[in-house]
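Notes follow the structure.
The values are calculated or read from the model by the stated rules, or taken from the named source; none is laboratory data. The structure displayed is predicted, hence computed values, not measured ones. When the accessible area is computed, the model is the full protein with side chains, heavy atoms only, and any ligands, DNA or RNA have been set aside. Shrake-Rupley method; radii C 1.70, N 1.55, O 1.52, S 1.80 Å.
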Amino acid sequence: MSEPNYDLHTHSTASDGTLTPTELVARAVAAGITVLALTDHDTTAGVIEATTAAQMHGITLIPGVEISVTWNSRTVHIVGLQIDINQPLLQDGLTELRTFRAWRAKEIGHRLAKHGIADAYEGAREFSNGTLIGRTHFARLLVKRGLAVDTSEVFKRFLVQGKPGHVAGQWATLQTAVEWIRAAGGQAVIAHPARYRLTRTQLFKLIGEFREHGGAGIEVVTSTHSRDDVLNFALHARTQQLLASAGSDFHGTEHAWLQLGRLPPLPNNCTPIWQTWPFADTASSSVAPERLNTKS
Ligand code: AMP
Ligand code: MN
Ligand code: MN
Ligand code: MN
């Protein structure tokens with residue numbers, strides 16, 4: 001059998017991805033991925049459909065989620081992997097976050113209306129599955145209306161702090177997000193750490209608190225990481241005893257540069273999070289299994 005190919009961070013139409021869970025799995029299979037985690041924002045609504053599709057294709061689907069967290073006045077994303085999606089504490093927490101999202105979506109609509117952009121809530125809703133509306137859905141709408149050339153321009157001009165459609169709010173705390181994931185039997189992972197633009201001191205603080213709460217891993221490899229980011233976060237993982245994860249953060253085909261199945265390998269000096277999983281192919285992995293329990 002050939003080497004497993006992991007992608008542990010992806011989105012579907014259950015949140016702000018553009019492919020249904022079934023379409024996402026088919027695309028992952030075509031790209032050679034054999035172990036795929038579906039990690040939609042604040043929802044696990046796509047996991048059952050993705051699991052069925054993965055079974056049909058003979059690949060492994062890891063039930064996951066990406067939880068929105070407010071930490072030190074900034075938004076940080078915590079991915080949960082290997083979660084039991086029926087765990088009530090987790091689901092109650094996610095429901096609360098989606099309630100805030102629903103209110104925020106209407107509020108974004110009001111604020112854009114004051115800025116001369118009418119019916120944005122209704123428009124964004126049509127870009128979503130109707131149950132979870134995120135900023136990305138507003139971004140796609142405004143691109144379609146010709147107000148910006150791409151979604152990242154919409155974010156910059158309308159949706160980030162200081163801009164007309166920005167709505168501040170409180171997501172989960174770091175501690176509760178990690179607790180929900182652990183209650184559901186999962187492993188918590190700091191998503192795309194380079195995106196937060198933290199100073200070294202802030203990063204050490206984040207990782208320190210995350211570990212105190214029982215966090216397990218950090219994304220070392222992800223699409224928005226440069227080569228230097230990968231090496232830097234591999235070193236953080238190694239020296240701060242975190243497992244290393246790898247996930248594209250694929251949202252669909254709108255970013256031509258972001259394709260499934262193209263992630264670089266994890267550097268040899270860190271321990272892949274999948275080494276702690278029962279089906280892991282330890283024989284073919286780069287780090288000896290005895291490293292797993294080493295706190296050095
Ligand atoms: P939300 O959780 O609804 O506030 O939206 C966060 C999502 O918006 C992220 O997961 C990305 O998919 C997307 N996003 C955030 N910042 C940008 C950006 N600058 N350009 C494009 N998409 C972005
Ligand atoms: Mn997103
Ligand atoms: Mn994210
Ligand atoms: Mn994501």
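Observations, loosely collected:
- Within a straight-line Cα-Cα reach of under 24 Å, Lys205 can be paired with the following lysines, leaving aside sequence neighbours fewer than 8 residues apart in one chain: Lys295.
- On a per residue basis, segment 95-159 carries 53 Å² of accessible surface, using protein heavy atoms and a 1.4 Å probe.
- Heavy-atom surface analysis with a 1.4 Å probe gives the chain a carbon and sulfur content of 51 percent of its accessible area.
- Against the main long axis of the alpha-carbon atoms of the chain, helix 21-30 sits at an angle near 50°.
- Ratio of Rg to Rh over the chain (Cα coordinates, Kirkwood Rh, two decimals): 0.96
- Accessible area ranking (1.4 Å probe, heavy atoms, ligands and nucleic acids excluded), largest first, for Lys106, Lys144, Lys114, Lys163: Lys114, Lys144, Lys106, Lys163.
- Remark: accessible surface ordering of Trp71, Trp274, Trp257, Trp103 (largest first) is Trp257, Trp103, Trp274, Trp71, probe radius 1.4 Å.
- Among beta bridges that DSSP assigns inside the chain, antiparallel share in %, nearest 5: 45
- Angle in degrees between helix 227-239 and the longest Cα principal axis of the chain, rounded to the nearest 10: 60
- Contact order normalised by residue count of the chain, Cα under 8 Å, 6+ apart, percent: 19
- Remark on segment 95-159: Rg and Dmax equal 11.0, 34 Å (Cα only).
- Under the Karplus curve 6.51 cos²θ - 1.76 cosθ + 1.60, θ = phi - 60°, whole-Hz ³J(HN,Hα) for segment 95-106, x wherever Gly or Pro sits: 4, 4, 5, 6, 4, 4, 4, 5, 5, 4, 4, 5
- Ordered from largest to smallest accessible area (heavy atoms of protein chains, 1.4 Å probe), the residues Arg111, Arg227, Arg101, Arg125 come out as Arg227, Arg125, Arg111, Arg101.
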